[in-house]
Structure formats: C-alpha cells, structure tokens
Amino acid sequence: TAMAIRAAMAARSCLLRQRFTLATFTSLAFAAESGVAYAYNQETNSRRARQRTRSSLSSAPVTLAAAEIEKLTQHKALWDESEPLSRARRKLKPRHRALFEPDDASLFLFDEFCTVLCDTGVMPRKEIFETWSAALYIHETFGGQVRRVCDVAAGHSLLAWALLVLDDDGNNENADTPLTVLCVDRRMPSSAEAIRLAMIDRWPHLEERFDFVEGSLEQLHPHPSCLLASVHACGGLSDLLIASAASSQSPIALVPCCHTRKKKALLGASDFARAEYDAIIDADEVKDLTTMLDMAREAALRNAGFDICTKYLPKRFTLKNRFIMGMPRSTDPNTGISLNGALTPPGRMPPIEIDMSLAKANFLSIFTIPCEDSEDARITVKELSGKTNADRRKQALHRKGNAETPTYDISFWLPSCDKMNEAQHDWEASLTRFASSIRPDVRCEAKQIGEEFINSSGRRARAFRMSYWYETDGNNEEKGEDELTNDEAKAIHREVYEKLPTKYPGAECR
C-alpha cells in the first residue's frame, strides 16, 4: 500500500510538470501501481478539451466531473445514510486524516484537499463533499472560458479554494492566465481565515490569487468576464444573483436554497421572468415551490440570452441539489447577430431600498467591489481584501463624514483681545501644534468649521474639527501600519478639551 501511495504521489508530480489531464493522471497512477507500461491517451485528452471549449452548455454530455462525483459517493469518509444528518455536519478534526489516505488515484487531489481541512478543524464533512462536487462541475464547464470567479456569500470560502486547487492541478489549458477568485460576504468568519492560512501553507503560490472582501451585495459590480458563483444561496439571494447575471451578462453557477415566495424576498427578482415570478407570488397555493422558483430562475437566464445547463449534486450530499449554470451566448442562434451589448448593459446588483440620509448608506454608496477580470479591478480588490482592511472600513463607518481617521469637533469661546497669545493670527496652526503635543506618537490636524460666531454681548467663538492619526517616522514604523482606534482618539481629544483653557488663558470650551 505504501508503495502504491508513493507511486501515486510521483505520478501527480509528473502531472504538475507536464500538465496532463485528470484522466491521464489516473492512468499513470494505476500503471505505476501495477508496474505495467504507461501509454498516453491522446484521444481522451482531445475529447476533454473539446468539451471544455463547447460554446453551448445545454448539450454537454456526461463528463469526467460526473464520473468523479460518482466515485465521491462511494468514498470511505462518507457518513452512514442510516445515521442522522447531524453526524454529517460534524466538523472534521486532525484525527480524521486517516479517512483520506489515498486509495483511489483519481481522488488523490480531493483527499489531499480534505487532509488540509482536517488540520483546521472548522469544516463540516457534509459541506466539503457538496462543495467539491459543485467545484468539479464549475471547473469542467467554465474552466476554459472564464478565468475569474466571484464566490458570493462565500462564508468559509471553501468553494473558492476548491476551484483554485483544481485549476492549479495541471489540468489547465490556460496556464498563462491562472484562475483568480474573489470572495464576498458581509463578514469574514474566523473559519475562513483558518482555511486561508492552511491552504497557503500547503499551496503558498495560490495566495496572490485569492481575495476575501467584507461587503454587501449592493456594492458588488458584476462583469461579463467574471463568473458569479454561490453554493446554497439562501432565499432571495438566489434571485438577486440571477437578476444580476441576467442584467450584466455575467456567467453564473448557482445552487439555490431556502426557497420562499415572500414578496420582500423576491423584490430583486429579474424582470426577464417577471410573469413567472408574479404567478408564483399571486398564486393561492404552490404545491412544488422549489421546482417553480428554479424554473423561473432558469427562464430569466434563458430570456436574457443564456445557454442553460442544469446538473444535480448527489442527494447523499445535500437535498437542495439543483445546480443551475448559465453562459451568455455571444451570437443569436437564429440570426447569427452578435448579442454583445444587445441586452441590458453591465451594472450593479439590483438595488435595495435604503435611506441615503444615513451615514451607513452614504458610506456604502462610495464603496464598490469590481468583479471585472482586469489588472486595475484586481488591484482595487486587493486593497479592499482582508480582515484588517475590513476593520478599518468599519471604524470609518462610525466617524464623522466617514473620514479615514478618527475625527472629533471642539468649540470654545475665544479669549478677550488683551489675553490673546500666538494663536490670534492662526488658530488652526496653534491648535494643531497643541493637540499633537498631547501624545508624541499621535498627530493631529485642526480645521476651522464655519465662520466665527459673535453673540449679542460681543463674545466670539469658533469651532474646529480635529483629526487624529499615528505619527509615522523612522522610529515608529510599526505603529504607522495600525489604525488609531476611535477610543484612543477620543481619550486624546478629551485631554485637549480639559487642557485648552490652561493653554489659552481666557478661553472657555462650550
């Protein structure tokens, strides 16, 4: 057994060097195990290449992905069907590594992927099997045509990593343009960070191809060059994704979940299937809501000029197993006329009603996540990616005007003319020097707000906006990389408030 495993590992190394297909790797591994001579199967390789570049998805035949998924249903790490589902949802731990010792060369990459996840201790077994199955279909269907994927409502980001690992396994006809992935979710859970670190430790060269941005769907800008993907998009999220793909002509791969016909959940439903959606909402009773909603979603894509391919994940892995994949057609099959730009131009996700007078809404309106597969868009995403950048945006969300640094206001009565000191000619510069002297590692900048106020008795007052940030110099580079917290800035500002009358005799804070 040990010799067979070593032979399989050697075969995989050969695969990575020569970029053979998965079928090639399987033949090579078993040939090494049995000691027979290996003969390269050129016909298998050519057939797979033709399947991956097929422009129409609707006529795709049974493929190698389906064959591998069938083998997954027989994997020794699967839970017993007679056991409750809660057992399948238990998280894999390091002690489960033995369940993924390679005994089938065609599943070697899956076993290696799961071994890495076992070490994290954060992933339920059920989610690994269903996500890997979806990734196999996506890789085979879109791998030769789309080189950027946006994993929407990414959660653990498992789908993104599965696609990256599959694309990196040498079975890639687009080696010069490696796949890149963008994960988007409202919050990046600790499990996603644990998985990211484990995957980078095993495949360090994939780090630059992965980004996780904390953000809302309102901020996502889909693009035809980027695949929108989501496994178990809950409720109305599935309809939002369908509507976004249809309006922006972006390819899509979707496993819907939690079907509902509540009007609020279907506000973002696509106008390309308005009649179908209205029939579902207005009906007194819907006997098979799951099927009707999914058919409406497919109709929206089909009416928008998409080729549709529907697959089903094994029910052993998930009961919500319908997998909708769509690719916009480049030409009309009846007229041969190009469809590029003929439909609704690329745009944002369907808008959600929000009060733009709120600071949060104003903040969201200037924060966008581009999906486009271009260098500029990828640079923008890289600057938004990660937990640290997300925490900085959240801090800015609670600042006046969503400023990049903590900002507080101060207003005070000015000293009388006979008590004015050096500040009388330039209050901004004087206050800036004074506030910056409170803490040597923190800088401050004072800017006057509005005009000077004079009351009926002739007393004058001014208001200033004070911005605080860490000083960056040669002796304090590490501090400069961090963001001054609101609490720290507030403490310094309170000290400025308390010491100001002493600094400027006769001044009185309002």
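The values are calculated or read from the model by the stated rules, or taken from the named source; none is laboratory data. Nothing here was measured: the structure is a model prediction, and the numbers come from that model. Counting neighbours? That spans all protein chains shown, and the Cβs are built from the backbone with ideal geometry, glycine included. Remember, those area values only see protein heavy atoms, side chains included, never the ligands or the DNA or RNA. Shrake-Rupley method; radii C 1.70, N 1.55, O 1.52, S 1.80 Å.
With the calculation restricted to Cα positions, what are the radius of gyration and Dmax of segment 112-192 in angstrom?
Cα-based Rg and Dmax for segment 112-192 come out at 12.7, 35 Å.
Could you tell me which trypsin sites (Lys or Arg not before Pro) in segment 173-250 are loop residues by DSSP with no more than 14 other beta carbons within 10 angstrom of their beta carbon?
Listed in order of number, the matching sites are Arg186, Arg187.
Calculate, for segment 77-226, the solvent-accessible area per residue in square angstrom, rolling a 1.4 angstrom probe over the heavy atoms of the protein chains.
Spelled out: the 1.4 Å probe surface of segment 77-226, per residue, equals 35 Å².
Hey, what do the phi angles of segment 83-97 turn into as Karplus ³J(HN,Hα) couplings, whole Hz, using 6.51/-1.76/1.60 and θ = phi - 60°, x for Gly and Pro?
In residue order, the calculated couplings are 7, x, 5, 4, 5, 5, 8, 5, 7, 6, 10, x, 5, 8, 4 Hz.
Per the 1.4 Å probe, what fraction of the accessible area of segment 110-153, in percent, lies on carbon and sulfur atoms?
Accessible surface attributable to carbon and sulfur in segment 110-153 totals 44 percent.
Hey, can you grab everything whose amide H is under 5 Å from the amide H of Asp441? Only 5+ residues off in sequence or another chain; H modelled, so Pro and N-termini drop out.
none
Mind scanning Lys126/Lys315; Lys264/Lys320; Lys71/Lys315; Lys91/Lys126 and naming the pairs with a C-alpha gap bigger than 18 Å?
With Cα atoms farther than 18 Å apart: Lys264/Lys320.
Using the Karplus curve 6.51 cos²θ - 1.76 cosθ + 1.60 with θ = phi - 60°, work out ³J(HN,Hα) for each residue of segment 205-220 in order, rounded to whole Hz, and write x for Gly and Pro.
Couplings: 6, 8, 4, 6, 9, 10, 9, 10, 10, 7, x, 9, 5, 4, 8, 7 Hz.
Enter the accessible area of Leu431 (Å², nearest 10), with the probe set to 1.4 Å and all protein chains included.
0 Å²
Rounded, prolate or oblate: which one fits segment 64-110, using the alpha carbon gyration tensor with axes a ≥ b ≥ c (rounded when a/c is under 1.5, else prolate when a/b beats b/c, else oblate)?
oblate
If I ignore ligands, DNA and RNA and count only protein heavy atoms, how much of Lys76 is accessible to a 1.4 Å probe, in Å² to the nearest 10?
About 100 Å², ignoring ligands and nucleic acids.
What does the accessible area of Glu207 come to, in Å² to the nearest 10, when a probe of 1.4 Å is used?
80 Å²
Could you sort Ser457, Ser374 by accessible area so the largest value comes first, with the probe set to 1.4 Å?
Listed by decreasing accessible area, they come as Ser457, Ser374.
With every protein chain kept in the model, how would you rank Lys263, Lys287, Lys71 by accessible area, 1.4 Å probe, largest at the top?
Accessible-area ranking of Lys263, Lys287, Lys71, largest first: Lys287, Lys263, Lys71.
Output wanted: per-residue J couplings in Hz (rounded whole) for segment 489-495, from phi through Karplus 6.51 cos²θ - 1.76 cosθ + 1.60, θ = phi - 60°, x for Gly and Pro.
For segment 489-495, the Karplus curve yields 5, 5, 5, 5, 5, 5, 5 Hz.
Tell me the chymotrypsin sites (Phe, Trp or Tyr not before Pro) within segment 184-285 that lie in a loop according to DSSP and have at most 16 other beta-carbon atoms within 10 Å.
none
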